[in-house]
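Written below as structure tokens is the structure these notes are about.
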């Protein structure tokens, strides 16, 4: 290790944390109040075990800085501190790193020692200087899809194409994801919501060296650097290749009219609890960056991951905002989904805030004002804010929709009224403070839980491969297996399961709100009953593209369902249904029971919903057809009397479909149908 050199002069004005490349070199800035001294470590190559140069940083208040004329795009660097409780040989990664370089590919163990997180040396991740001006966006324009027209598709970058059946040139990478864009276009997707693409350590279980050391973190909810695209999702081997490859993916999706929503994890980091590694924030200033338990000073855990980021401390709020701005300005992303967003509403003492500064700042930031903001409105410590997440601009993952719809189709009693409420946009949750049905993101399945196919095959979880003794994963799945656990050779059981998948898909896309589809559910992807496949980097979690041929009927149904939604503005309202029209057309919604009677809201299992196509009700440019959605969640067929009109069948989940005669439709058990008639 060379002796520290004095910091070069210049570049000290307007200091903001991070590495800022310019024409005359790079200015490095680090926030760390506890340090007595701090050094910048510069490397000739990312895989070097020793720095080629150390530069002593100058202090201004809580910021340490240096301007290095010789440092430019691609320069690897790290930091070292003299600070209480920190080993002198402990290196630290820049928490604002624009790119991270590691000397290995995805899943490789080279240079890693089981049971020992690297503190320094060749295996320690180095930040890279990035000159953003080098990339040519070539006239890229964001699609700016209105919320009412948005269809979300949740996918893991690696899991989407890692399976051999994907046929990708470089499976599991940004470029491979781009190869599947034609599938998304044919499906009718308008936005991909990708699981974390920030830098995370997929080898964390190997480094912990416990009973799960053979597993790999596939989902990525264990951030190492919030602003850096994951280096091991890149097809290229050069350090920093991920930055431009991710930009290439965004450009390709935009060219196809598809937006990019990033799943971001600001609620915790990979540094875990007091037994976890020191990588960055914990070494810089744990009392600033993390919420601590009163009295003990230990890390508070509201996330289930060992620590909780102190997101509403002003300096931390600014760091998160800078990160979000970077993804928008330098990567052109169109929005964010915030993991365990309720943890971000907690004060430094851990209590929920009625008006969290971070949430307000994000919603009102001039750079972020146009992007989509989606909250997962709960955390792991019991704070559940579905319908009550603070901030009018935010959409919410509607967990109540998921649970109520699953329970209805499972056959639970007394669910008809709740089903109608969810179909109508969940006014019980969002009809306040001028919010509307588009405040809710509706889904029946997501990455965290059963896939749609497993939801109708398994009454219990099968998480043995996770190495947690079956104790992990959600226990309240509201699933239904048709009387047989797992795969069945009974054609009747399999036919029912296929119909139930279609029923759940149809309920999502025929409901008011923003619909979301889990990758692979369009053709029956299975995780063989594992409902918490966070560490299954194998064919259990990867999308098996051969299912697109084997389950072509389900895929075709999903495509027709998305086309139906896109064609009918009545399914994409910005305002809540009222039960009247006022423009000479029938009421904007009418609820119908079997046989022409009113619905039995207490004990019924069947429901009809007529939606008016009146343009002044839907906000469309012209009148559209009226729609009639008929639902039978019971075990016997029901007969619906049809309102007057030349009703034509648009879509049905049962085969053969419903039978119409004498102004009525007979709907088979466990099925749904959609009919349409032109608006008068």
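Restricting attention to the range 147-570, close to 20% of DSSP beta bridges with both partner residues there are antiparallel.
Each residue in 665, 484, 278 was given a count of other beta-carbon atoms within 10 angstrom of its own, and listing them fewest first yields 484, 278, 665. Each peptide among 236-242, 306-312 gets the average number of other Cβ atoms lying within 10 Å of its residues, and from highest to lowest they stand as 306-312, 236-242.
Relative contact order for the chain: 10 percent, from Cα pairs under 8 Å spaced at least 6 residues apart, divided by residue count. Rounded to 0.05, the FRET efficiency of the residue 635 and residue 133 pair, given R0 = 51 Å and the Cβ-Cβ distance, is 0.20. This structure gives P(r) over Cα pairs in 20 Å bins from 0, in percent, computed directly, and of [x] 18, 55, 26, 1; [y] 18, 50, 26, 6, 0; [z] 17, 44, 31, 8, 0 that value is listed as [y]. When 433, 163 are sorted by how many other C-beta atoms sit within 10 angstrom of their C-beta, beginning with the fewest, the order is 433, 163.
Would you mind checking the tilt of helix 399-410 against the longest principal axis of the Cα atoms of the chain, expressed as 0 to 90 degrees and rounded to 10? So the helix axis and the longest Cα principal axis differ by about 40 degrees. So, in Å, what gap is there between the alpha-carbon centers of the range 147-183 and the range 377-413? The range 147-183 and the range 377-413 have Cα centres spaced 27 Å from each other. Tell me, how many Å apart are the Cα centres for the range 34-107 and for the range 207-244? A separation of 20 Å, based on Cα centres. The label point for residue 56 and the one for residue 488, both projected 7 Å from the Cα toward the Cβ, are 7.6 nm apart.
With contacts taken as Cα pairs under 8 Å and at least 6 residues apart, the range 18-129 reaches a relative contact order of 31 percent. Can you grab the distance from the C-alpha centre of the range 298-325 to the C-alpha centre of the range 435-489, Å, no decimals? Taking the Cα centre of each part, the range 298-325 and the range 435-489 sit 30 Å apart.
Going from the residue with the fewest nearby Cβ atoms within 10 Å to the one with the most, 580, 602, 120 rank 602, 580, 120.
Cα axis of helix 552-567 to longest principal axis of the chain: angle in degrees, 0 to 90, nearest 10? Taking the Cα atoms of the chain, the angle to 552-567 is about 90 degrees. The simple spin-label model puts a point 7 Å past each Cα toward its Cβ; for residue 603 and residue 33 those points are separated by 6.5 nm. What is the angle, in °, between the Cα long axis of helix 491-509 and the longest principal axis of the Cα atoms in the chain? Nearest 10 is fine, range 0 to 90. Taking the Cα atoms of the chain, the angle to 491-509 is about 70 degrees. The peptide list 589-597, 507-515, 35-43, 20-28, put in order of mean Cβ contacts within 10 Å with the highest first, becomes 507-515, 35-43, 20-28, 589-597. A Förster radius of 41 Å combined with the Cβ-Cβ distance from residue 616 to residue 476 puts the calculated FRET efficiency at roughly 0.45. Dividing the summed helix terms, -39500 (n - 2.57) for each DSSP H run of n ≥ 4, by the number of residues in the chain produces a 222 nm estimate of -6000 deg cm²/dmol to the nearest 500. Does the range 579-626 come out rounded, prolate or oblate by the C-alpha gyration tensor, with a ≥ b ≥ c the root eigenvalues, rounded set by a/c under 1.5 and, if not, prolate when a/b is larger than b/c and oblate if not? Here the range 579-626 falls in the prolate category. For the peptides 138-146, 614-622, the ranking by packing is 614-622, 138-146, with the highest mean count of neighbouring Cβ atoms within 10 Å listed first.
Read-outs throughout are calculated quantities, based only on the coordinates presented, and are distinct from any laboratory measurement. In this text the structure is predicted, and so the values were computed from the model without any measurement. Because the Cβ atoms are built from the backbone with ideal geometry, glycine has one as well, and the counts that use them run over all protein chains shown.
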